[in-house]
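Trainee: The structure that follows is given in the form of structure tokens.
The values are calculated or read from the model by the stated rules, or taken from the named source; none is laboratory data. Since this is a predicted model, take the numbers as computed values, not measurements. Note that we place each Cβ from the backbone using ideal geometry, even for glycine, and neighbour counts take in every protein chain shown. Keep in mind that these areas ignore ligands, DNA and RNA; they rest on the heavy atoms of the full protein, side chains included. Shrake-Rupley method; radii C 1.70, N 1.55, O 1.52, S 1.80 Å.
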Amino acid sequence: MIDFIAHNLPLVMFTSVMAMLLLGYPVAFTLAAGGLAYFVIGVELSAISPEIRLFWPLLQSHPERIYGIMYNDTLLAIPFFTFMGIILERSRMAEDLLDTIGQLFGPVRGGLAYAVILVGALLGATTGVVAASVMAMGLISLPIMLRYGYNRPFVSGTIAASGTLAQIVPPSLVLIVMADQLGRSVGDMYVGALYPALLIVAVYCAYVFIVSMTKPQWAPALPPEARTLGNGVTSLIVMIAIAVALYYLGLHVLFTGIQSPEWRLVAAMAFAIAVAYVVAIVNGRMQKKIISRLAEQVIIVLIPPLALIFLVLGTIFLGIATPTEGGAMGATGALILAFAKGRLTFASIKSALDSTTKLSAFVMMILIGARVFGLTFYGINGNVWIEELLLALPGGEYGFLIVVTIIVFILGCFLDFFEIAFIMVPLLAPVADKLGIDLVWFGIILGVNLQTSFLTPPFGFSLFFLRSIAPSAPWADKVTGKMMEGVKTSEIYRGVLPYIVIQFAMILVVIAFPGLVMHYKSDQQAVNPDDVKIEIPGFGNQNGSAPAPFGLPPLGNQPGGTGGQAPSMGLPPLDLGGPSQQAPAGGAPAQPQLGLPPLDLGGPAPQAPAGGQSQQPVPPASGTAPSGNPDLSQPPKINP
């Protein structure tokens with residue numbers, strides 16, 4: 001019975017901790033308390049069951065594990081990107097973007113819906129926070145869309161789904177956490193998520209197009225009186241063409257002196273964008289009619305956030321900056337943009353710092369609790385239990401991915417993505433790695449899955465965010481003065497259902513076509529193990545075919561030396577007796593010397609016979625034994 005309990009203790013621990021989380025207890029404290037409580041149980045059972053490897057001194061490892069979290073450079077990007085997003089939110093960038101892009105797409109049916117989706121993608125690439133995106137777009141675009149007769153469920157679903165793009169569009173906080181937990185580069189995660197994110201945006205726009213064609217009354221075009229910027233799309237297209245021409249001019253003519261191709265690309269792009277921005281500023285300040293008012297407003301409003309996105313993501317993708325450095329540049333750029341618009345105040349900076357500190361502390365506390373939980377879970381062989389369970393699934397890697405997708409989706413209805421990333425991903429990643437699944441691909445699948453869970457009734461966080469700002473009671477429109485009906489919760493739930501179907505389809509597409517993510521390896525040259533050759537340097541002569549290794553003198557004959565000369569190794573000659581000796585004519589080896597006076601042991605010095613014959617024995621001299629050996633009973637005679 002004890003063995004049965006010990007073998008299934010990981011299941012009991014995991015189930016009980018997850019149940020406490022679902023009941024609403026604080027995540028960090030629940031994880032830490034569960035880890036310590038089951039640590040005590042595990043220590044008591046370790047004396048009975050060999051499957052449990054817990055003992056009291058293991059608790060001393062917790063301080064070192066906690067310090068390891070604080071030294072993690074990857075997580076340093078989280079406060080930078082959070083601060084950047086909050087500053088941009090306080091500077092009302094979302095309001096400017098929605099108004100301008102709504103005017104740009106105004107003559108098109110569903111134009112406001114297209115604007116919400118595109119602004120959601122831009123906010124996702126600048127703020128990276130779902131709550132900020134959903135609430136900003138809900139406050140700004142929801143009244144406008146309802147004012148001009150958009151369908152309520154369609155409006156609610158579009159705003160909620162567009163806000164969740166911050167989950168998958170780089171630089172997402174989800175991708176930073178995923179990279180840290182999977183042990184992969186944040187830059188690789190960003191590059192791998194680029195195509196799936198763009199595909200999701202395109203499919204959202206395709207859905208809006210289908211609705212505008214089949215249900216035109218759901219998504220009407222803006223009436224002419226609402227198009228305050230007028231027409232001027234042709235002027236905007238001409239400016240875009242001029243900017244592209246200036247880019248190629250700078251890349252192939254003006255900046256050819258820059259050796260680095262990455263920096264040359266950045267210089268050419270900055271040149272083209274700066275010229276277009278200056279033209280728009282001059283057109284507005286001097287009342288010139290160089291370009292239309294619509295083109296002027298689009299350029300002035302869109303270029304700063306797009307430049308900020310390139311400053312952050314472009315430098316990361318080009319390898320110029322690390323994600324942490326990109327986040328720091330993004331935060332600095334957000335401050336500059338807010339200051340340039342005259343919207344940077346002490347109160348906004350203080351609010352942004354407070355929110356950033358709270359989120360960073362929240363993440364750190366969850367990580368500490370997860371470390372305490374993880375030590376106990378691994379000590380009771382929880383990782384082995386998880387591996388046995390998941391490796392036994394039918395279907396190999398695809399069966400594993402489908403089951404994990406279902407599990408994470410269900411948990412995403414109740415838990416925040418930070419909690420799932422810190423609890424589930426460390427348990428699932430070793431199994432995925434053992435099955436040969438690329439961990440960046442696995443992380444992107446989980447990211448799209450968590451994005452879907454934000455939309456799922458009744459616990460989708462994006463739905464709660466929209467519900468908190470959408471008027472539930474009748475309200476008076478500020479522009480028309482009409483009384484508008486409130487937005488029902490059921491309308492919000494109905495509106496997100498088509499987007500949930502789209503998200504599920506996108507998960508299957510990413511699973512079925514891993515090349516959407518694997519392109520991050522395109523710049524890495526594959527190495528064929530059969531072509532790898534290991535050459536060990538030889539120990540030959542300098543005058544031979546093999547060079548002397550390691551810069552040492554040769555082990556062998558010196559040029560011009562005799563064939564029997566010993567290696568010198570660059571040392572002085574060894575003198576063990578007599579004057580410096582020359583090699584005999586017969587090629588007999590010279591005696592080594594140490595630079596000492598000759599050692600006379602009593603008797604004439606031996607002479608090498610002519611012709612290289614063997615030396616004859618010498619009669620013993622005084623002070624020597626009859627055998628010719630020195631007489632150790634007498635002191636030796638040393639000649640000065």
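Trainee: Could you sort 159-170, 312-323, 484-495 so that the peptide with the highest average Cβ count within 10 Å comes first and the rest follow in order? Each step should come with its number before you reach the end.
Mentor: On the way: 159-170: 28.4, 312-323: 19.8, 484-495: 17.2.
Ranking the peptides 159-170, 312-323, 484-495 by packing returns 159-170, 312-323, 484-495.
Trainee: So how do 142-153, 327-338, 84-95 stack up, highest first, on mean other-Cβ count within 10 Å? If you can, show how the numbers build up before the last one.
Mentor: On the way: 142-153: 18.9, 327-338: 21.6, 84-95: 24.2.
Going by the mean number of other Cβ atoms within 10 Å, highest first, we get 84-95, 327-338, 142-153.
Trainee: Give the residues of segment 423-451 whose amide nitrogen is closer than 13 Å to a point set 7 Å from the Cα of LYS521 in the direction of its Cβ.
Mentor: Correct set: 436-442.
Trainee: R0 = 45 Å: FRET efficiency of ALA512 with ILE69, Cβ-based, nearest 0.05?
Mentor: Values: r = 36 Å, r/R0 = 0.81.
It comes out at approximately 0.80.
Trainee: Quick check: residue separation of LEU11 and ALA473 times 0.36 nm, minus the Cα distance between them. What number comes out in nm? Intermediate results must be reported in sequence, preceding the final value.
Mentor: Details: separation 462, 0.36 × 462 = 166.32 nm, distance 4.66 nm.
So the chain would gain 161.7 nm between LEU11 and ALA473.
Trainee: Okay, next question. Per residue of segment 31-48, what does 6.51 cos²θ - 1.76 cosθ + 1.60 with θ = phi - 60° give for ³J(HN,Hα)? Whole Hz please, x for Gly and Pro, Karplus curve as stated.
Mentor: 5, 5, 5, x, x, 6, 5, 6, 5, 4, 4, x, 4, 5, 7, 5, 6, 9
Trainee: Excluding ALA160 itself, what net charge comes from residues whose Cβ is under 12 Å from its Cβ, given Lys and Arg +1 and Asp and Glu -1?
Mentor: Numbers: positive: ARG467, ARG494; negative: GLU491.
Net local charge, ALA160 excluded: +1.
Trainee: Excluding ALA28 itself, calculate the net charge of residues whose Cβ lies under 11 Å from the Cβ of ALA28, where each Lys or Arg counts +1 and each Asp or Glu counts -1.
Mentor: Values: positive: ARG371; negative: GLU419.
Value of the local net charge: 0.
Trainee: Local charge sum around PRO471 (other residues, Cβ-Cβ under 11 Å, Lys/Arg +1, Asp/Glu -1)? Spell out each step's value before the answer.
Mentor: Numbers: positive: ARG467, LYS488; negative: ASP477, GLU485.
Taking every Cβ under 11 Å from that of PRO471, the sum is 0.
Trainee: Given a cut-off of 30 Å, name the pairs among LYS215/LYS341; LYS341/LYS478; LYS289/LYS341; LYS341/LYS488 whose C-alpha atoms lie farther apart than that in the structure shown.
Mentor: Details: LYS215/LYS341 40 Å; LYS341/LYS478 25 Å; LYS289/LYS341 23 Å; LYS341/LYS488 37 Å.
Exceeds cut-off: LYS215/LYS341; LYS341/LYS488.
Trainee: Quick one: which residues, 5 or more positions from VAL108 or on another chain, have an amide H under 5 Å from its amide H? H modelled 1.01 Å from N in the peptide plane, none for Pro or chain starts.
Mentor: Distant-sequence amide H within range of VAL108: LEU222.
Trainee: When 1/r is averaged over all different Cα pairs and the result inverted, which Kirkwood radius in Å belongs to segment 351-429? Intermediate values should be presented prior to the final figure.
Mentor: On the way: mean 1/r = 0.0698 Å⁻¹.
Roughly 14.3 Å, rounded to one decimal.
Trainee: In nanometres, what is the gap between the two model label sites at MET483 and ILE402, each 7 Å from Cα along Cα-to-Cβ?
Mentor: Result: 5.4 nm between the two label points.
Trainee: Right, another one. Listed highest first by mean packing, meaning other Cβ atoms within 10 Å per residue, what order do 345-353, 103-111 come in? Display every interim value, and only then the final one.
Mentor: Values: 345-353: 13.8, 103-111: 20.8.
Ranking the peptides 345-353, 103-111 by packing returns 103-111, 345-353.
Trainee: Computed FRET efficiency, Cβ-Cβ of LEU36 and ALA274, R0 41 Å: what is it to the nearest 0.05? Intermediate results must be reported in sequence, preceding the final value.
Mentor: Details: r = 58 Å, r/R0 = 1.41.
That gives a FRET efficiency of 0.10.
Trainee: Separate question: Stretched out fully, how many nm does the piece from LEU199 to ILE281 gain, at 0.36 nm a residue minus the Cα gap? Please list the in-between numbers first.
Mentor: Working: separation 82, 0.36 × 82 = 29.52 nm, distance 3.38 nm.
Length gained between LEU199 and ILE281: 26.1 nm.
Trainee: Please state, rounded to one decimal and in Å, the Kirkwood hydrodynamic radius that segment 252-360 gives when every pair of distinct Cα atoms enters the mean of 1/r. Walk me through the numbers on the way to the answer.
Mentor: Details: mean 1/r = 0.0619 Å⁻¹.
In segment 252-360 this quantity evaluates to 16.2 Å.
Trainee: Can you put LEU9, LEU508 in order of accessible area, largest first, using a 1.4 Å probe? Working shown, then result.
Mentor: On the way: LEU9 10, LEU508 110 Å².
If we order LEU9, LEU508 from most to least accessible, we get LEU508, LEU9.
Trainee: Could you sort TRP218, TRP441, TRP56, TRP475 by their accessible area in this structure, using a 1.4 Å probe and putting the largest first?
Mentor: Numbers: TRP218 80, TRP441 10, TRP56 120, TRP475 45 Å².
Reading off the accessible areas and sorting them downward yields TRP56, TRP218, TRP475, TRP441.
Trainee: With contacts defined as alpha carbon pairs under 8 Å and 6 or more residues apart, what's the relative contact order of segment 52-202 in percent? If you can, show how the numbers build up before the last one.
Mentor: On the way: 164 pairs, mean separation 36.1, N = 151.
Computed value for segment 52-202: 24 percent relative contact order.
Trainee: Ordering ILE303, ILE406, ILE437, ILE5 by how much accessible area each has at a 1.4 Å probe, largest first, what is the list? Don't skip to the end; give the middle numbers.
Mentor: Working: ILE303 35, ILE406 95, ILE437 5, ILE5 70 Å².
Descending accessible area places them as ILE406, ILE5, ILE303, ILE437.
Trainee: Given a Förster distance of 35 Å, report the FRET efficiency between SER490 and ILE237 from their Cβ-Cβ distance, rounded to the nearest 0.05. Don't jump to the answer; show the numbers that get you there.
Mentor: On the way: r = 43 Å, r/R0 = 1.22.
FRET efficiency, SER490 to ILE237: 0.25.
Trainee: While we're on this one: Evaluate the relative contact order of segment 93-146 (contact order divided by residue number), counting alpha-carbon pairs under 8 angstrom at least 6 apart; express in whole percent. Provide the component values of the computation, followed by the final result.
Mentor: Values: 36 pairs, mean separation 21.2, N = 54.
Value for segment 93-146: 39 percent.
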